[in-house]
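Scroll down for the structure; my scribbles are underneath it.
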Amino acid sequence: MPVKWPHWVILIPILVGVFYYLYPKIENLFLFFPQKKFDFLPESFRLHYKDVHFVTEDGNTLHGWFFPGERDHPVILHFHGNSGNISHRLELVRHLLQRGLQVFIFDYRGYGKSEGRPSEKGIYQDGVAAYDYLVQKEGILPGHIALHGHSMGAAAALEVALNRGVKSVILESAFTSTKDMAKTMPLFFLLTPFLPANYNNLEKVARLHIPKLIIHGDSDEVVPFSMGERLFASAAQPKYFLRLKGAGHNDTCLKGGRAYLDVIERFAEDSTL
């Protein structure tokens, strides 16, 4: 005699399908907080720069600021976090320029003056396009480029490092994956067994064999310090770790001060500590 299943059972695969279809949109809603308006301009900091636009593989025009210096000095290609825009990173830029580094910062799609809507695939394409701009339009040699990704930006920096030639990569306040981040959020904790491991920095950092510097504040209130430790443990050699005592998620430069900038300058120059 055939088994009769309750009618509601047939809804399970449908609900699962709907969940996995909608999840990327839900994840984007919780991950991206773009701001269009600039609160500051390089002129406010008396910084010399080039206002640039470049196009991604899928046709979005992005905006950025290139702060040139001595041609033989390293270039920091900076990938900012998930909120605000490049205008909120100018204090960091000023400090890096004072160290003799060149800097290129840009906005992902949907942020600042950049077109489009952000997504995981999208910010990866944006990062590659920013790199290609530096190499193709500014004539920067790959061996002079150090990638610097903060928070969500670390995922974009890792993707570029795996697909383009660079000198080194700095991962600051980075998470292991969004699935692991969901475990820290009461709203998603019970769903984590069913979530995909998107932005999987833990897996990617193990495949990257260029020099890596991982920076994390031990008082990070957003991304647990233990995630920085796990990234370092998983990373392939050569690798270095900087623990910033008392630093949170967004005050690493302030709390780290001179020592923080010394390490970034030295690593960008020599890829060693």
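The table for this structure:
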quantity: Test: residue in segment 119-136 that is assigned to a loop (DSSP other than H, G, I, E, B) and farther than 27 Å from residue 222 by Cα; calculated: no
quantity: Top-ranked residue in segment 182-201 [being open to solvent by less than 30 Å² (accessible area, probe 1.4 Å) and farther than 28 Å from residue 257 by Cβ; ranked as modelled with the lowest pLDDT]; calculated: 188
quantity: Matching residues in segment 137-158 - criterion: being within 9 Å of the chain's Cα centre (by Cα) and not in a helix (DSSP H, G or I); calculated: 148, 149, 150, 151
quantity: When residues of segment 128-159 are limited to those that are of a type in the set (Val, Ile, Thr) and in contact with a strand residue (DSSP E or B) (Cβ under 6 Å, 6 or more places away or on another chain), the one surrounded by the fewest Cβ atoms within 10 Å (Cβ to Cβ); calculated: 140
quantity: Residue selected from segment 87-101 under the condition touching a strand residue (DSSP E or B) at 6+ places or on another chain (Cβ under 7 Å) and in contact (Cβ under 8 Å) with a residue 40 or more places away in the chain, by the criterion farthest from residue 257 (Cα to Cα); calculated: 101
quantity: Restricting segment 162-177 to residues that are of a type in the set (Gly, Ala, Ser) and open to solvent by less than 10 Å² (accessible area, probe 1.4 Å), the residue that is farthest from residue 241 (Cα to Cα); calculated: 177
quantity: Residue that is farthest from residue 80 (Cα to Cα), among those in segment 256-273 that are at pLDDT 95 or above and touching a Ser or Thr at 6+ places or on another chain (Cβ under 8 Å); calculated: 266
quantity: Among residues of segment 159-178, those that are of a type in the set (Gly, Ala, Ser), more than 23 Å from residue 136 (Cα to Cα) and over 8 Å from the mean Cα position of the chain (by Cα), counted; calculated: 2
quantity: Residue match in segment 96-114 (condition: open to solvent by 10 Å² or more (accessible area, probe 1.4 Å), outside any helix (DSSP H, G or I) and at pLDDT below 95); calculated: no
quantity: Condition met for residue 204 (of a type outside the set (A, V, I, L, M), modelled with pLDDT of 95 or more and surrounded by fewer than 24 Cβ atoms within 10 Å (Cβ to Cβ)); calculated: yes
quantity: Near pairs, Cβ below 8 angstrom, 6+ apart or cross-chain, from segment 136-147 (closer than 12 Å to residue 161 by Cα) to any residue that is open to solvent by 60 Å² or more (accessible area, probe 1.4 Å) and in a loop (DSSP other than H, G, I, E, B); calculated: 142/164
quantity: Verdict on residue 28 being modelled with pLDDT of 95 or more and within 25 Å of the chain's Cα centre (by Cα); calculated: no
quantity: Residues (among the charged types (D, E, K, R), within 21 Å of residue 177 (Cβ to Cβ), open to solvent by 30 Å² or more (accessible area, probe 1.4 Å) and touching a Gly at 6+ places or on another chain (Cβ under 9 Å)) located in segment 219-255; calculated: 221
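The values are calculated or read from the model by the stated rules, or taken from the named source; none is laboratory data. Just so you know, these numbers come straight off a predicted model, no measurement behind them. Using ideal geometry, Cβ is built from the backbone for each residue, glycine included, and neighbour counts are taken over all protein chains shown. Accessible surface is based on the protein model in full, side chains and every heavy atom, while ligands, DNA and RNA are left aside. Shrake-Rupley method; radii C 1.70, N 1.55, O 1.52, S 1.80 Å.
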